[in-house]
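Taking it in order: structure first as structure tokens, then the write-up.
The values are calculated or read from the model by the stated rules, or taken from the named source; none is laboratory data. Computed from a predicted structure; not experimentally measured. Every residue, glycine among them, receives a Cβ derived from its backbone with ideal geometry; neighbour counts consider all protein chains shown.
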Amino acid sequence: MNYGKKLFSLLVFLLPVLLVKAQITTTPNNPQDSSKRVQILNYTRQLTFKTIDDTTKLTIIVGTVKMRQGTSLFYCDSCVINNNTNVFEAWGNVHINDSDTTDIWSNHLRYLSKEKLAYLDGNVRMSDGKATLTTPDLEYNMETNIGTYTHGGKVVNKKTVLTSQEGQYFADLKDVYFRKNVLLKDPAYTIKTDSLLYNSGTQTTKFISQTTIIDSSGRTIRTKDGFYNQQTGKAEFGQRPEIIDGDISIRGNSVRFDDSTGIYVAEGNAIVVNKKDGTTLIGGIIIQNKNTNAVLATRKPLMIIKQDNDSTFITADTLFSARLTDRFGNKDSIVVDSVKGKKIAAINEKDSTNRYFEGYRNVRIFNDSLQAAGDSMFYSFKDSIFRLYQDPVVWANNSQITGDTILLFTKNKKADKVQAFENGFMINEVQKDVYNQIKSTRIDGWFIDGNIDSVRARGLAECIYYIQDDDSAFTGVNQSKSDLIDIYFAEKALNKVVFRSEVTGTLWPMKQKSPSEMILPNFRWQEERRPKSKFEMYE
């Protein structure tokens, strides 16, 4: 018996006095809430004695120890209880069951029963039934149900594993606040950040600092704010996040997406860059379908088609782009032009040219050598043709072409050819209020290095053009009709007119006709509709 007492005394002095409150007897002079008392429910052996100075009473219990404080249960192999300081210390198979909602295991426990503070170390493990935290040591407040670790921890929730240097676990909310070197790994994605919040109940991750997310497909997300719900696949990011998905990058003041539908929505100065197509799309709102690569932009959208020295800028009230095969199907041939009945060959769905884009209302196109406007537009990457509808107009240098429908052909992303169908009209400004004009059923124009080179007018063609000498002085004005007329340009100005069929007309001396009289029917010089610069396209 003396040997046993010495052994327990040695144990008491060698180990720091720890955690939970020993049983306190309620007296009239010192009433205490029963929820504050620690009750001993089970043990195999007990020793009670005082320390050398007779001021501290210690109770030592061993063997299948079970205690209770309020709705919390404590289990261990052995325990030393200090009745004076309301502290107990436990060793071996320590287990805390807190209100049947949270379980904590460790090798060692020090518990302050009055404050309900538990300090655990040695293979600490904590679980709320869904997620499990492991850490070298843990401070757990059983009053607030908040656990804190500062020497590294790992949380496992099904296949999701999250590690960090520090963390706080809010058991009631099932929230964990992670700090310093945070790494979350899931079969679907990996997250690296300095701080984040994770809810094990909803499996929602909240981002509160600079964060990088890489998913299994290689998609990268950089954000400072937002959330991702693992169960629903929905996410929302703020503070101008960036999403890089293959050849496509998406930015905006805020971006949200739904993995179940593959839909991205970027709002506020949104930008979508497609490196494969060489396009940049800007708008107040941009909606992208990851599954079909369809994209819709509104609120002053702008599309930029990248070129070496002369990028093309396109605006409209609404811009939309998608795959040709999604719109027309993958048949032996696809009709893409109702005016000419033009067909294009069947397209491989993975072909980079399997795309088109459309503009609706107030379409405008600008590059340094050519500008255009119309009510609506269709462009196919397969044949590189802009199709302009409803009062379309095309400008090249000092020339303007109009018609009921205009096709603008491009080659290597530069203007190559233009066709105006029905009520074709070309105007070439010689100087203010002086115009060369040609109108016909159809007008075809050709470009070299982005500059208009020649024009052919066919079908009931009429023309008015001013004749100038070598010093550019006006010598007369020609007003003629022919079924086929060719016009040639040199140094961006009209150089020669050739009538290819029977011609009727008059060559007027300059003194007999004023420029205001020399106007063909339906003449409209529409300079006010013409985009003046690429900066204007951003407005």
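Tabulated data
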{"quantity": "Hey, Gln231 of a type in the set (S, T, N, Q), in a loop (DSSP other than H, G, I, E, B) and over 13 Å from the mean Cα position of the chain (by Cα) or not", "calculated": "yes"}
{"quantity": "All positions within region 80-108 that are farther than 16 Å from Asn141 by Cα and in contact with a Ser or Thr (Cβ under 8 Å, 6 or more places away or on another chain)", "calculated": "Val80, Ile81, Asn82, Asn83, Asn84, Thr85, Ala90, Trp91, Gly92, Val94"}
{"quantity": "Some residue of region 197-206 being among the charged types (D, E, K, R), part of a loop (DSSP other than H, G, I, E, B), closer than 19 Å to Glu242 by Cβ and modelled with pLDDT under 95", "calculated": "no"}
{"quantity": "Residues located in region 117-134, provided they are in contact (Cβ under 8 Å) with a residue 24 or more places away in the chain and out of contact with any Ser or Thr (no Cβ under 8 Å at 6 or more places or on another chain)", "calculated": "Leu117, Ala118, Tyr119, Thr132"}
{"quantity": "Lone qualifier among Lys411, Lys432, Lys511 - being under 30 Å from Ser380 (Cα atoms), basic (Lys, Arg) and exposed (fewer than 14 other Cβ atoms within 10 Å of the Cβ)", "calculated": "Lys411"}
{"quantity": "Residue that is surrounded by the fewest Cβ atoms within 10 Å (Cβ to Cβ) [pool: residues in region 370-408 that are aromatic (Phe, Trp, Tyr) and in a strand (DSSP E or B)]", "calculated": "Tyr389"}
{"quantity": "Total residues in region 272-290, condition surrounded by 18 or more Cβ atoms within 10 Å (Cβ to Cβ) and either touching an Asp or Glu at 6+ places or on another chain (Cβ under 6 Å) or part of a strand (DSSP E or B) (or both)", "calculated": "11"}
{"quantity": "Members of region 198-214 found to be crowded, with 20+ Cβ neighbours inside 10 Å and in contact (Cβ under 8 Å) with a residue 40 or more places away in the chain, listed by number", "calculated": "Tyr198, Ser200"}
{"quantity": "Residue match in region 430-447 (condition: part of a strand (DSSP E or B), of a type in the set (Asp, Glu) and within 24 Å of Ser472 (Cα to Cα))", "calculated": "no"}
{"quantity": "Matching residues, region 453-476, being among the aliphatic types (A, V, I, L, M) and part of a loop (DSSP other than H, G, I, E, B)", "calculated": "Ala473"}
{"quantity": "Selection status of Gly129, within 19 Å of Ile96 (Cα to Cα), modelled with pLDDT under 90 and not in a strand (DSSP E or B)", "calculated": "yes"}
